[in-house]
Amino acid sequence: IDFCGRLPITNGICSTNANKDSCSFIYNHKLYSLTISGNGNMIDWEKQSDVLWNSKISVIQTLTIDSIKNIGSYAFNGASGIKTVTLKETVTIGTNAFAECTGITSLTLSENTQTINQQAFYHLSSLTTVIIPSNIKTIGLQAFATCEKLANVTFHGSKQLETYSSDAFNGILTDYIE
């Protein structure tokens, strides 16, 4: 039970249209893991407190996103306990989707990832390594800003890159970006 006396939500639908864009989640309280699966688009939330799994945001340690095309804005904002993230088929990562996830140390994006929106990975204070796939088309405003420990950013071919914010890596040593 959360502080308001409500039972925490541990599973449900997290898409805008359950029939067309299927997206569901399940939280495993024994493993502190959240799995999101389906074949569609996640809801874009206005703020972190609107997220359906908000009552679990501080205890989630493992996150698996399976076949979801678009990760919603603010979906995991502030989930400081997340240490492991697996993105399998993701195309778009929403604004502030992983901002302030201070436990994440490395990140390998799905080869299908095309868009990283503004502040998607803002202030991941433990992040040291990022591998950006060859299909990336857009890296938004401050996408990786203030990731102070980020020392190794690898682009696997950037032929597709169309839009790149000049401050996408603001606040880190860009001399180490390959």
Legend entry - Residue count, segment 35-49 (criterion: open to solvent by less than 60 Å² (accessible area, probe 1.4 Å) and over 20 Å from residue 86 (Cα atoms)): 2
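Given the criteria hydrophobic (A, V, I, L, M, F, W, C), open to solvent by less than 20 Å² (accessible area, probe 1.4 Å) and either closer than 11 Å to residue 103 by Cβ or in contact with a Cys (Cβ under 6 Å, 6 or more places away or on another chain) (or both), does residue 63 qualify? Please lay out each step first, then the result.
On the way: hydrophobic (A, V, I, L, M, F, W, C): yes; open to solvent by less than 20 Å² (accessible area, probe 1.4 Å): yes; either closer than 11 Å to residue 103 by Cβ or in contact with a Cys (Cβ under 6 Å, 6 or more places away or on another chain) (or both): yes.
Spelling it out, residue 63 is indeed hydrophobic (A, V, I, L, M, F, W, C), open to solvent by less than 20 Å² (accessible area, probe 1.4 Å) and either closer than 11 Å to residue 103 by Cβ or in contact with a Cys (Cβ under 6 Å, 6 or more places away or on another chain) (or both).
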Inset, instruction - Specify which of the listed residues (127, 141) is under 18 Å from the mean Cα position of the chain (by Cα), hydrophobic (A, V, I, L, M, F, W, C) and open to solvent by less than 50 Å² (accessible area, probe 1.4 Å). - result: 127
Inset, instruction - Of the numbered conditions (1) surrounded by fewer than 21 Cβ atoms within 10 Å (Cβ to Cβ); (2) under 24 Å from residue 122 (Cβ atoms), residue 11 fails exactly one; give the number of that condition. - result: (2)
Legend entry - Counted residues, segment 79-89 - those being open to solvent by 30 Å² or more (accessible area, probe 1.4 Å) and either part of a strand (DSSP E or B) or at pLDDT 90 or above (or both): 3
Legend entry - Answer from 72, 38 - the residue that is under 13 Å from the mean Cα position of the chain (by Cα) and either closer than 24 Å to residue 135 by Cα or at pLDDT 90 or above (or both): 72
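The values are calculated or read from the model by the stated rules, or taken from the named source; none is laboratory data. Every value quoted in this text rests on a predicted model; they were computed, and no experiment measured them. For neighbour counting, all protein chains shown are included, and Cβ atoms are generated from backbone atoms with ideal geometry for every residue, glycine included. We work out accessible area using only protein heavy atoms, side chains counted, and drop any ligands, DNA or RNA first. Shrake-Rupley method; radii C 1.70, N 1.55, O 1.52, S 1.80 Å.
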